[in-house]
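Working notes, structure below.
The values are calculated or read from the model by the stated rules, or taken from the named source; none is laboratory data. Here the structure is a predicted model, which means the values were calculated and not measured. Reconstructed Cβ throughout: ideal geometry from the backbone, glycine too, with neighbour counts over all protein chains shown.
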Amino acid sequence: MVSDPSGNYLGYFNDGQTAANHEVDVAFGPSGLLFGLKGAAKDQHWTYEGLQPVRPVPKTGPARLRYEGAAEARLIIASPQFAQQVLQHAPQLGTSAGHKTTAKIAAMCLAGIIAFGLFGWLILSAAPSTVATLIPNAWWRYMGAQIEATMIKSAKQCNGAEGKKALARMAFRFADNVEADTVRVYDLPIINAFAMAGGRVVLTRGLIDGASTPDEVAGVLAHELGHVKARHPEAQIVRVFGLQLIMSALWGGNGMGDAMAQGGAMLAILRYTRGAESEADAIAIELMKKAKINPKGLADFFELVKKQPGVKVQESLGQIGNILSTHPGLDERIANIEKLTVGPTTPALSDKEWEALKAICK
Ligand SMILES: [Zn+2]
C-alpha cells in the first residue's frame, strides 16, 4: 500500500547510525513532514525548508531525502504522488543539493559500497539466498516495488472491489498472514504471473481470462507464493545485480536503474532455474493440499500454457516476455502433479467469487 485514506505514505527510514531500516508512516504537516514508525505516533518533524535531496527528486518518485542537521539520516518514499506533493512544498528538492557535506557523504557511501562489494564478492557465488537474508525485508519490499513499476510500465492495476475480495480470500486460504494487498492483478493481455522481491505477487488479466476454473488461478498463485516462501526473487536479484549495485540503488545511485533498463536484465531476474521451479511447485502442492484445494489446478494451468505457442508477448510486456510458456519441463511438472493422490477438496472460490474475479479489470 502506497498511501492509505488518512494521507499516510509508506516510507523507509535509516538513522545513518545503524544498518536498520524502519518502515515509517509519512504525512504532510503544515510546516514539514511528520513521520514515525509504522502504526506508532509521528515523533519526527522535518521542516520543508530543511529538506534536502539525496538526488534531485523526479516527479515520478522515488523521493530520497535527507535533512539539515541530520546529514546521515535518510528517508525514502517510493510513491509518485508523494514526490509531486513534496516538490510543491519544497521546490529545492527538484535540483541538486548544494550541501557542503555532499562530498563527504559521497565518499562515505563509496567506501561503504566498496566494502559491501568486496564482502559480497566473497560470498555471492557461494550462496545468493544466504546473502538475500542479510538485507532487511523493508529494503526488499522497496526494490520489489521498483522492479514491479519497471516491469508493468503503464499497465493499469485492476481494482474491482468484489474481485479483489475474492482474490484476497483465495490468498487467505493459503496463508493467513498474506495481506490483501500482496496479490495484484494488472490489465495485461498476456498469460503470466510473477513473484516480486519483498513478497508481492503479480497476476495478469490474461491469466485469469485464460483459466477455466478458479483452481487453475489458485495453482498459479500457490506456485508464486512458493517462490516467495523460498525467497527465490531476492536470491535472483543478488545473483544478477550483485550487492554493490543493490546498495547503490537503495542509497540513490542509478546503477541498478541503468542495469534494469538494459535488455535482458529483467528477464534474468525473473527466469528461475528448473530446481527453483520444482521447489516452488512442491511448496504449491503442499499449500494446496493444506487448503483442501485440488493441486491438479496447477497441472491444468500448465496444460493451458502448453496450448499457447507463439503468443505475441514481447509487444505487450516489453522485456519480460512469457516466461511460463518458454520454460522447459512442463510435461514433467504436470506428470508430478497428476500422480498425486488427493483427498477431498473444495473449489478455490465459489461460483459467485469466481465471476467477481473474472470481472476484476472491468
Ligand atoms: Zn515459477
Exercise. Just checking, which of 117, 112 is at pLDDT below 70 and not basic (Lys, Arg)?
Worked result: 117
For this session: Within segment 148-157, identify whether any single residue is under 21 Å from residue 336 (Cβ atoms) and within 16 Å of the ligand (Cβ to nearest atom), and answer yes or no.
Result: no
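Each row is one residue, and each column tells you yes or no for (1) within 16 Å of the ligand (Cβ to nearest atom); (2) modelled with pLDDT of 95 or more; (3) surrounded by fewer than 19 Cβ atoms within 10 Å (Cβ to Cβ); (4) farther than 20 Å from residue 217 by Cβ.
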position: 290; (1), (2), (3), (4): no, no, yes, no
position: 304; (1), (2), (3), (4): yes, no, yes, no
position: 332; (1), (2), (3), (4): yes, no, yes, yes
position: 354; (1), (2), (3), (4): no, yes, no, no
position: 357; (1), (2), (3), (4): no, yes, no, no
position: 360; (1), (2), (3), (4): no, yes, no, no
Problem set entry | Index of the failed condition, residue 138 passing every other in (1) touching a residue at least 40 places away in the same chain (Cβ under 8 Å); (2) in contact with a Leu (Cβ under 9 Å, 6 or more places away or on another chain); (3) not polar (S, T, N, Q) | (2)
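Give the residues of segment 1-45 that are of a type in the set (A, V, I, L, M, F, W, C) and modelled with pLDDT of 80 or more, sorted by residue number.
Residues of segment 1-45 of a type in the set (A, V, I, L, M, F, W, C): 1-2, 10, 13, 19-20, 24, 26-28, 33-35, 37, 40-41.
Selection gives 10, 13, 24, 26, 27, 28, 33, 34, 35, 37, 40, 41.
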Exercise. Which of the residues that make up segment 23-49 are surrounded by fewer than 17 Cβ atoms within 10 Å (Cβ to Cβ) and farther than 16 Å from residue 79 by Cβ?
Worked result: 29, 30, 31, 37, 39, 40, 41, 42, 43, 45, 47, 49
